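Before any comments, here is the structure.
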Amino acid sequence: MYLLEEFEKYVSENELFSHNDKVLLAVSGGVDSMVLMSLTAAAGYQFGVAHCNFQLRGKESDEDEVMVEREAKRLGVEFYNASFDTTAEMARTGESMEMAARRLRYAWFKSLCDEHGYSVIAIAHHINDSIETFFINMLRGTGLRGLTGINAQVGRIVRPLMFATRKDIHDFAIAHRIPFREDSSNRSTKYLRNKVRLGLVPMLKEINPQFTTIMRRNISRLSQAQEFVTASMEMIKRQVVEEQSGIYTLHIDRIDSSLPRNFIIYEILSAQFGFKGDVVDLLCHALDNEATGRRFYSRDWVAVVDRQKIVVAAVAEDDDCETLVDRSMIRSYAGGSVLFYEYCDIDFIETLDMGDNVALLDADKLQFPLKVRRWREGDWFIPLGMSGRKKLSDYLIDKKVSLVEKNRQFVLLSGDDIVWVVGRRLDDRFCITKKTENVLKIVRDNI
C-alpha cells in the first residue's frame, strides 16, 4: 500500500484538505481519477464524485459515466453527473473543445461546491502532467513561472496525486483491480499535450532513463527559485509601482541599474496583469526607442509607454484595443479572445476548411506588423469567394449580427487592408491559392 501511505503523507504535508473537509472529486473514468477515488476512500476522507459527460465520444462517453457511477455507489458516496452539448457550446462561443469543456466543468464544479458544502475540488493530475506542462509552456514561450509545472493547490482546486508518476498510478490500479477506461483521444497526436506525451517525452527517456526523476527535481528547484523571485519582486514593486484610482504607474528610472530591467518589467506585468512574454519584449523595445504612446494589451489590461514610465489601466469597454502584431509574436488579444499565430509550409496544411475560428493566410502577401483592432464605420473588405468590395457594416447586418456582438467584433489588417473579419470571414485577397508557399495560421480562442 505504498501509494496510499504516500498519498496521505502528501495531502497532510501540503495541507490540501483534512478529515473535517468535504472533498469533491472530479472523476472522468480514466486510470488517474479512478485511483484517486480509491485512495480517497481508503484514507477515510469525506467525498463526493462529480462526472462530466461532454458527449464527444458517443457510446464511449456514456460507458465512462456508467462505470464511474457504479464505482461511486459501491463506495457509498454521492454521485453527481452532468451532460454537456460541448459541440453546440463550441459553435456558440467560438472556443476550442478544450477551452469550452474546461469552462463548463469548472463552472459546474463550483456550483456543486456552493450547493452541497464541498471545501475543495480534487483533480487527478500527477507529476507526468506537470512535466508535460513544463515543455508545453517552454515551446509556447514563457518565463520562470511557466516552468514550474502544475501547482498542487490553486484556490480550492487541489491536486493530491502530484507526488506520483503515471506508472505508479497505473501499477496501483492493476494490482488492486481498480476499474478504469482508456480515453481513445489520448492516443491522438492532434493535441499538443499528446505530441509531447507520446513523442517528445519517450525520446528524452530513451536518452536518459532517469528523465522523470530528474525533471521532478528540476521543477522543484524552479518552483523554489520562483518563490524567491516572487518575494524579491514584492520589495521591488513597493519602490517602482504606484497606484492611484485603479491606474498603475511603473517608474522605470527607479529600477536599480545593476538589476535586469526587462526581467523586472516582465515579472510585474505578467504576475499582476497577465501580460505574456512576447508582448513584454515588444513593450521593452518600445521603451528603448522612446515610442511614447504605444499601447500593449493583455486580456484585461492595457499598458501605455510614457517616456520612462509604463502606465497600466483596465481595458475600457469602448477601447479600440489596437494591437500591432510583429512577426515574432505568437499571440495577441482581441477583446474576449486570444489569437495564436503559427507559420508553416503549405505542405503541412491538411485541410483548408478548419472552421470560422481558424484563418489560413498567404504569409508572403502580408505587410508586417499586422494590426488587430475593433471594426469601425467605413471599414470594407472583399469577402472570400467574391470579387467586389463590401462594407463591413453591411456584411454584419446581412449576417444578422446583434448590436452586442458588433461591439465585440475585431478585424485583422495588413497595412490598411482587412485580412480577416475575426471569427467570421477572410478577405479574398489574402487567402491561400495554388501559388502559396508559406502560410500564417491564426487560431481564435475565447478566454
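The values are calculated or read from the model by the stated rules, or taken from the named source; none is laboratory data. The model shown is predicted, which means the values in this text are computed figures rather than measured ones. All Cβ positions, even for glycine, are placed from backbone atoms using ideal geometry, and neighbour counts span all protein chains on display.
One line per residue, one yes/no per condition, for (1) farther than 25 Å from ALA88 by Cβ; (2) without any contact (Cβ under 8 Å) to a residue 60 or more places away in the chain; (3) among the polar types (S, T, N, Q); (4) outside the structural domain of SER119 (by TED's automatic domain parsing):
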| position | (1), (2), (3), (4) |
| --- | --- |
| GLU13 | yes, yes, no, no |
| LEU16 | yes, no, no, no |
| SER28 | no, no, yes, no |
| ASN53 | no, yes, yes, no |
| ARG57 | no, no, no, no |
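Looking at segment 164-184, is at least one residue touching a residue at least 24 places away in the same chain (Cβ under 8 Å) and farther than 30 Å from GLU8 by Cβ?
In the first step, residues of segment 164-184 are kept if they are touching a residue at least 24 places away in the same chain (Cβ under 8 Å); the result is 164-166, 168-170, 172-173, 176, 178-184.
Retained after the next criterion (residues that are farther than 30 Å from GLU8 by Cβ): 184.
Within segment 164-184, one or more residues are touching a residue at least 24 places away in the same chain (Cβ under 8 Å) and farther than 30 Å from GLU8 by Cβ.
When segment 141-183 is examined, which residues are found to be in a helix (DSSP H, G or I), of a type outside the set (Lys, Arg) and either in contact with a strand residue (DSSP E or B) (Cβ under 9 Å, 6 or more places away or on another chain) or not assigned by TED's automatic domain parsing to the domain that holds VAL201 (or both)?
Filtering segment 141-183 for residues in a helix (DSSP H, G or I) gives 144-147, 166-175.
Of the ones still in play, those that are also of a type outside the set (Lys, Arg) are 144, 146-147, 168-175.
Listed by number, the residues that qualify are ASP168, ILE169.
Among GLY335, GLY277, GLY293, which is free of Cβ contacts under 8 Å to residues at least 24 places away in the same chain and small (Gly, Ala, Ser)?
Numbers: GLY335 fails: free of Cβ contacts under 8 Å to residues at least 24 places away in the same chain; GLY277 fails: free of Cβ contacts under 8 Å to residues at least 24 places away in the same chain.
It is GLY293.
Residues to consider are GLU98, GLU89, GLU78; find the one that is surrounded by 16 or more Cβ atoms within 10 Å (Cβ to Cβ) and under 24 Å from the mean Cα position of the chain (by Cα). Break it down into steps so the answer makes sense when it comes.
On the way: GLU98 fails: surrounded by 16 or more Cβ atoms within 10 Å (Cβ to Cβ); GLU78 fails: under 24 Å from the mean Cα position of the chain (by Cα).
So the residue among GLU98, GLU89, GLU78 that is surrounded by 16 or more Cβ atoms within 10 Å (Cβ to Cβ) and under 24 Å from the mean Cα position of the chain (by Cα) is GLU89.
Among the residues of segment 75-87, is any closer than 30 Å to ASN357 by Cα and small (Gly, Ala, Ser)?
yes
Would you be able to tell me the number of residues in segment 20-42 that are small (Gly, Ala, Ser) and surrounded by fewer than 16 Cβ atoms within 10 Å (Cβ to Cβ)? Break it down stepwise before answering.
Step one: filter segment 20-42 for residues small (Gly, Ala, Ser), giving 26, 28-30, 33, 38, 41-42.
Applying the additional criterion that residues be surrounded by fewer than 16 Cβ atoms within 10 Å (Cβ to Cβ) yields 42.
Final tally of qualifying residues: 1.
Identify all residues within segment 241-291 that are among the polar types (S, T, N, Q) and in contact with a strand residue (DSSP E or B) (Cβ under 6 Å, 6 or more places away or on another chain); write none if there are none. Before the answer, list the steps.
Initial filter on segment 241-291 (among the polar types (S, T, N, Q)): 244-245, 249, 257-258, 262, 270, 272, 289.
Selection gives THR249 alone.
Just checking, which of PHE7, PHE84, PHE17 is surrounded by 14 or more Cβ atoms within 10 Å (Cβ to Cβ) and within 23 Å of the chain's Cα centre (by Cα)? It would help to see each step written out before you state the result.
On the way: PHE7 fails: within 23 Å of the chain's Cα centre (by Cα); PHE17 fails: within 23 Å of the chain's Cα centre (by Cα).
Going through PHE7, PHE84, PHE17 in turn, just one is surrounded by 14 or more Cβ atoms within 10 Å (Cβ to Cβ) and within 23 Å of the chain's Cα centre (by Cα): PHE84.
Of the conditions (1) in contact with a helix residue (DSSP H, G or I) (Cβ under 7 Å, 6 or more places away or on another chain); (2) assigned to a loop (DSSP other than H, G, I, E, B); (3) at negative phi, GLU60 satisfies every one except a single condition; which number is it?
Among (1) in contact with a helix residue (DSSP H, G or I) (Cβ under 7 Å, 6 or more places away or on another chain); (2) assigned to a loop (DSSP other than H, G, I, E, B); (3) at negative phi, the lone unmet condition for GLU60 is (2).
Given the criterion modelled with pLDDT under 85, on the phi > 0 side of the Ramachandran plot and not charged (D, E, K, R), identify the matching residue among GLY355, GLY336. Show your work before the answer.
Working: GLY336 fails: on the phi > 0 side of the Ramachandran plot.
Only one candidate passes the filter, namely GLY355.
Going by the structure shown, is ILE265 over 30 Å from LEU361 (Cβ atoms) and within 26 Å of the chain's Cα centre (by Cα)? Reasoning before the result, please.
Working: over 30 Å from LEU361 (Cβ atoms): yes; within 26 Å of the chain's Cα centre (by Cα): yes.
Judged against the criteria, ILE265 is a match.
Counting just the residues of segment 186-233 that are β-branched (Val, Ile, Thr) and in contact (Cβ under 8 Å) with a residue 60 or more places away in the chain, which one comes out farthest from HIS126 (Cα to Cα)? Before the answer, list the steps.
To start, the set of residues in segment 186-233 that are β-branched (Val, Ile, Thr) comprises 189, 196, 201, 207, 212-214, 219, 229-230.
Still in the running and in contact (Cβ under 8 Å) with a residue 60 or more places away in the chain: 196, 201, 212, 219, 229.
Details: VAL196: 15, VAL201: 15, THR212: 12, ILE219: 13, VAL229: 25 Å.
In this case the residue turns out to be VAL229.
Does ASP253 meet the test of being part of a helix (DSSP H, G or I), at pLDDT below 90, out of contact with any Asp or Glu (no Cβ under 6 Å at 6 or more places or on another chain) and not small (Gly, Ala, Ser)? Spell out how you get there, then give the answer.
Working: part of a helix (DSSP H, G or I): yes; at pLDDT below 90: no; out of contact with any Asp or Glu (no Cβ under 6 Å at 6 or more places or on another chain): yes; not small (Gly, Ala, Ser): yes.
No, not satisfied.
Of all residues in segment 274-314, which are part of a loop (DSSP other than H, G, I, E, B), among the β-branched types (Val, Ile, Thr) and over 15 Å from THR249 (Cα atoms)? Break it down stepwise before answering.
Kept after step one, since they are part of a loop (DSSP other than H, G, I, E, B), are these residues of segment 274-314: 274-276, 289-294, 298-300, 307-308.
Then keep just the ones that are among the β-branched types (Val, Ile, Thr); that gives 292.
Within segment 274-314, none qualify.
Taking segment 425-434 only, how many residues are assigned to a loop (DSSP other than H, G, I, E, B), in contact (Cβ under 8 Å) with a residue 60 or more places away in the chain and over 22 Å from MET329 (Cβ atoms)?
1
Of the residues PHE7, PHE47, which single one is at pLDDT 95 or above and assigned to a helix (DSSP H, G or I)? Step through it out loud before you land on a result.
Values: PHE47 fails: assigned to a helix (DSSP H, G or I).
The conditions single out PHE7.
With the structure loaded, tell me whether PHE134 is touching a Leu at 6+ places or on another chain (Cβ under 7 Å) and more than 24 Å from ASP64 (Cα to Cα) or whether it fails that test.
Details: touching a Leu at 6+ places or on another chain (Cβ under 7 Å): yes; more than 24 Å from ASP64 (Cα to Cα): yes.
So PHE134 fits the description; yes.
Give the residue that is nearest to the chain's Cα centre (by Cα), with candidates limited to residues of segment 390-423 that are of a type in the set (Gly, Ala, Ser) and under 14 Å from VAL325 (Cα atoms). Talk me through it step by step, then tell me what you get.
Within segment 390-423, the first condition is being of a type in the set (Gly, Ala, Ser), and the residues that meet it are 393, 402, 414-415, 423.
Narrowing the set further to residues that are under 14 Å from VAL325 (Cα atoms) leaves 414-415.
Details: SER414: 27, GLY415: 30 Å.
It comes out as SER414.
So which residues in segment 131-151 are surrounded by 20 or more Cβ atoms within 10 Å (Cβ to Cβ) and either more than 17 Å from the chain's Cα centre (by Cα) or within 24 Å of SER12 (Cα to Cα) (or both), if there are any at all?
Matches in segment 131-151: ILE131, THR148, GLY149.
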